[in-house]
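Laboratory data are not the source of any read-out in this text; all were calculated from the coordinates shown. What you see is a predicted model, and the numbers here were worked out from it, not measured in a lab. Methodologically, a virtual Cβ is constructed for each residue, glycine included, from the backbone with ideal geometry; neighbour enumeration extends over all protein chains shown.
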Amino acid sequence: MSDKSANTPTKTGYWAKVAQDGNKMGFWFVLPTVLLLVFIVVFPLFMQLYLSVTWWTPLEGTPWYMAWEVFSWGENYWYQLTDPRMWGALWRTVLIMIIAVPAQFFLGMALAYLFIEKFPGRKIFYSIMLTPMMIVPAVVGLMFYLLFQGTGPVNDHLGLPSNFSWLTDVNRAMISVIIADIWQWTPLMFLILLAGMLGVPSDQLLAARLLGGSNWQNFIKIIVPRMKTVILIALVLRAVECFKIFDLVYIMTKGGPGVQTETISVFLYKLTFAELEWAYVAAIGLTILFVLSVIAAKGLSYMVKKDK
Amino acid sequence: MSAIEIKNVVKNYPNFTLGPISMTVEQGEFFGIFGPPSTGKTSILKLILGLLKPDEGEVYLSGRDAVEMGVAERDISMVFQNLALFPHMNGRENIIFPLKERGVSEAEISKQLDFVSGVLHVSHILDKNPAQMSGGERQRIALGRAFAATSRAMLLDEPIAALDARLREEMRVELKRLQRENNQTFVYVSHDEEEVMAVSDRVAVVADGKIAQIGTPDDVYSRPNSMAVAEVIGSPPMNFFQGKLSSDGLFFDGDKLSERFPFKDKTKAGGTATLGVRPEDIWLGAADDEFGLDLVINSVEPLGGYTILNAQIDEQIVKIRAPGQVDVPERSKQRVSFDQRRIHLFDEDGIRV
């Protein structure tokens, strides 16, 4: 090792060459990771693709690689487009997203605004503000499950009768889930938006104040435009997360009553473990993956263009 | 009526006390505040702006007690050292920002914009974003924004410190022209004495949280009322010689000076004192009746219009500023004389005698 130039001519063969060629060495170093990725990402993806074009279910006892025996072409893909339950789940997911995310955004923005200025106890309040975000979603689900019981604290405080149900009511079940999601994820919005807000140079705010703007005008004209990127990131992050909402819903309502709170994730879960329609699940999963990838790519290229 | 009046204001900080400060800025005056860094200049500005509440004393704006006035209500605009332009707005939007904020009508806005861009010559850069402008252009836009607000007074906190030397000189002239033509009240803060002296009608010299002297640039330069002022005003700085007054009060005896300096005030007879001479008031060569001394020239700095000579008496460095180019060999012994009319004497408390 110490005398490289003297050693090189004596050692020949492939590994000696690898030791001298950075690119080749890199290849061998990266190889284990690549193999791992192939095993956990690429292989399941192709397996899913394969299953999605069959009628295969684990009930019939044929191993998954024999699924070609029940080959179905694109039937699953066609079926999902006409499946009202799928569309319902999609719509409910979007509904949660378009109500919860803006609510979290406005609450987070308002809270962040309160936290720009220093005040006594700011750090303590700050920590308290962030706790909901740090609780495991399943636990939050349980908390709200208990809170929204007929005889639970919510009804108690609002003076509602114990037969006024939240989680088993056709409309209120959804409201309960959305409230729980807002409670849990407003802190994340708050955290991101506060960071962005603190990034607005204070002398620009001071200048705006001196030039006679009201706080509201300065907020709209100085703070928000300067936070544009941060706001975009926060919204995208939450929207994507919201699309995957599962724990809260499953624990609070199990998607019920009926399918009234069934989101895409809950729907897929039920199809997989209750109805064992694995081929159909594979088709839906791939479709969602495809659609979201296209949207994400579009969104990213838009952001890049804006930033240039 | 004075535009801004500060009366016996005191502001306490954990390890620093500002004040008591009293000063008056007249309507239409170009008022300079000069002081070394971190002596309380910015605090004075904040007191005027209302960002700081005085612990004692009052601030009056056009004769009205300003204690209860909010920041915007005080109607004072400011140009920041780093300009604080809004980077997401172009030049035009920056300038009309204060007008929009106050809900001025569109017609009035465009009239005011025309006026401001005419005065500041910025018509050609109105559509640029601050990031695309040069330092001087940004400076003009920042001035324009403060100007468009048509306020009671404009505070300028080291507004041109970030510019390069040539541009600074240009902007200095420009600022003065602006102030004169529009009869605006300017309060100009800087730690660069040349800048402040060049533009101001009157200068307040701040030292150690107090205003050491207020006067015309000529006043503070030629008749500094204390050593604190004499030390900070002038470049190169004033030369000081420690010594004491003779018991009959007729002479100043410098510890390091070979000759006695005749003096007439007898009130401080016998006390220790400091003699101050500005570098340009030391002349090369002997004069018959003038006070003179011998010193050794250490180095010569030819600066074109004038020459700085670094000389030495014992251990003490003496700076001499001679007009034009001077041909003096280094290490040579020279006899110099002081301009008798421009001698400053300070007593043991640093007060001018």
Margin query: Please arrange A:THR186, B:THR272, B:THR267 by how many other C-beta atoms lie within 10 Å of their C-beta, fewest to most.
Written below: B:THR267, B:THR272, A:THR186
Checklist line | Cα-based shape type of the range A:131-213, given that a ≥ b ≥ c are square roots of the gyration tensor eigenvalues and the cut on a/c is 1.5 | finding: prolate
Next item on the list: Output the Kirkwood hydrodynamic radius of chain B, Cα pairs only, in Å rounded to one decimal.
Entry: 22.8 Å
Note to self: 7 Å from Cα along Cα→Cβ at both B:ASP208 and A:LYS298: what's the point-to-point distance in nm?
What the structure shows: 7.1 nm
Notebook entry, point to check: Hey, in the GNM for chain B with a 10 angstrom Cα cutoff, which one of B:VAL187, B:VAL122, B:VAL79 fluctuates hardest?
Noted result: B:VAL122
Notebook entry, point to check: Rg and Dmax of the range A:4-76 over Cα atoms: what are they, in angstrom?
Noted result: 22.5, 67
Check: Put +1 on the Cβ of each Lys and Arg and -1 on the Cβ of each Asp and Glu in the protein assembly as shown; which of B:GLN27, B:ALA230, A:PHE267 then has its Cα farthest toward the positive end of the dipole?
Finding: A:PHE267
Check: Can you give the average number of partner chain beta-carbon atoms within 10 Å of each beta-carbon in peptide A:152-160, as a whole number?
Finding: 0
Notebook entry, point to check: So if R0 is 35 Å, what FRET efficiency would B:ARG341 and B:ASP164 give, r being the distance between their Cβ atoms, rounded to the nearest 0.05?
Noted result: 0.40
Check: How big is the antiparallel share of DSSP beta bridges in the protein assembly as shown, given as a percent to the nearest 5?
Finding: 80 percent
Notebook entry, point to check: Going by average Cβ neighbours within 10 Å, how do the peptides A:73-82, A:52-61 rank, with the highest at the top?
Noted result: A:52-61, A:73-82
Notebook entry, point to check: What angle, in degrees between 0 and 90 and rounded to the nearest 10, separates the Cα long axis of helix B:135-148 from the longest principal axis of the Cα atoms of chain B?
Noted result: 60 degrees
Check: What is the antiparallel percent of DSSP beta bridges lying wholly in chain B, to the nearest 5?
Finding: 80 percent
Check: Per residue of A:196-204, what is the mean number of Cβ atoms on other protein chains within 10 angstrom of that residue's Cβ?
Finding: 2
Next item on the list: Please state the charge dipole magnitude for the range B:1-159, taken about the Cα centre, from unit charges on C-beta atoms (+1 on K and R, -1 on D and E), reported in debye and rounded to the nearest 20.
Entry: 300 debye
Margin query: Using alpha carbons only, how many angstrom separate the centre of the range B:283-353 from the centre of the range A:99-142?
Written below: 69 Å
Item checked: Neighbour-count ranking [beta-carbon atoms within 10 angstrom, fewest first] of A:LYS118, A:LYS298, A:LYS17 -> A:LYS118, A:LYS298, A:LYS17
Note to self: Bin width 10 Å, origin at 0, all Cα-Cα pairs of the range B:88-171: what percent of pairs per bin?
What the structure shows: 18, 50, 28, 4
Item checked: Rg/Rh ratio calculated on Cα atoms of the range A:180-308 (Kirkwood radius) -> 1.15
Notebook entry, point to check: Angle, helix B:106-120 long axis vs. longest principal axis of chain B, Cα atoms, 0 to 90°, nearest 10?
Noted result: 30 degrees
Next item on the list: Determine the equivalent ellipsoid of the range B:236-353 by diagonalising the alpha-carbon gyration tensor, then write out the semi-axes as square roots of 5 times the eigenvalues, largest first, rounded to whole Å.
Entry: 27, 13, 12
Margin query: Exceeding 25 Å between C-alpha atoms, which entries from my cross-link table qualify? They are A:LYS298/B:LYS100; A:LYS118/B:LYS11; B:LYS46/B:LYS128; B:LYS53/B:LYS176; B:LYS111/B:LYS176; B:LYS7/B:LYS41.
Written below: A:LYS298/B:LYS100; B:LYS46/B:LYS128; B:LYS53/B:LYS176
Checklist line | Peptide B:84-95, shielding by other chains (average Cβ, 10 Å cutoff) | finding: 3
Check: For B:ASP65, A:ASP83, what's the fewest-to-most ordering of other Cβ within 10 Å of each Cβ?
Finding: B:ASP65, A:ASP83
Margin query: Running a GNM on chain A with Cα contacts under 10 Å, which residue among A:TYR280, A:TYR14, A:TYR126 ends up with the highest mean-square fluctuation?
Written below: A:TYR14
Next item on the list: Could you calculate the FRET efficiency of A:VAL70 with A:VAL42 from 1/(1 + (r/R0)^6), where r is the beta carbon distance between them and R0 is 30 Å, rounded to 0.05?
Entry: 0.80
Checklist line | Per principal axis, descending, Cα span of the range B:199-266 in whole Å | finding: 41, 24, 22
Check: With helices defined as uninterrupted DSSP H runs, which ones in chain A have an alpha carbon span along their own long axis of at least 30 Å and mean Kyte-Doolittle hydropathy of at least -1.0?
Finding: A:84-114, A:172-198, A:278-307
Check: Which angle between 0 and 90 degrees, to the nearest 10, do you get for helix B:91-101 versus the longest principal axis of chain B when only C-alpha atoms count?
Finding: 70 degrees
Checklist line | Cα-based radius of gyration of the protein assembly as shown once divided by 2.2 N^0.38 Å, which approximates compact folds | finding: 1.50
Next item on the list: Rank by packing, highest mean first: peptides B:230-237, B:50-57, with packing defined as the count of other Cβ atoms within 10 Å averaged across residues.
Entry: B:230-237, B:50-57
Check: Remind me, what semi-axes does the range A:83-276 give for its equivalent ellipsoid, largest first in whole Å, using sqrt of 5 times each Cα gyration tensor eigenvalue?
Finding: 37, 20, 14
Item checked: For the range B:1-96, fraction of C-alpha pairs farther apart than 19 Å, in % -> 48 percent
Next item on the list: Return the single residue from B:ARG331, B:ARG102, B:ARG342 with maximal mean-square fluctuation; model: Gaussian network over chain B, springs between Cα atoms under 10 Å.
Entry: B:ARG102
Next item on the list: Give me the distance in nm between label points sitting 7 Å out from Cα along the Cα-to-Cβ direction at B:SER123 and A:TYR126, one decimal.
Entry: 5.1 nm
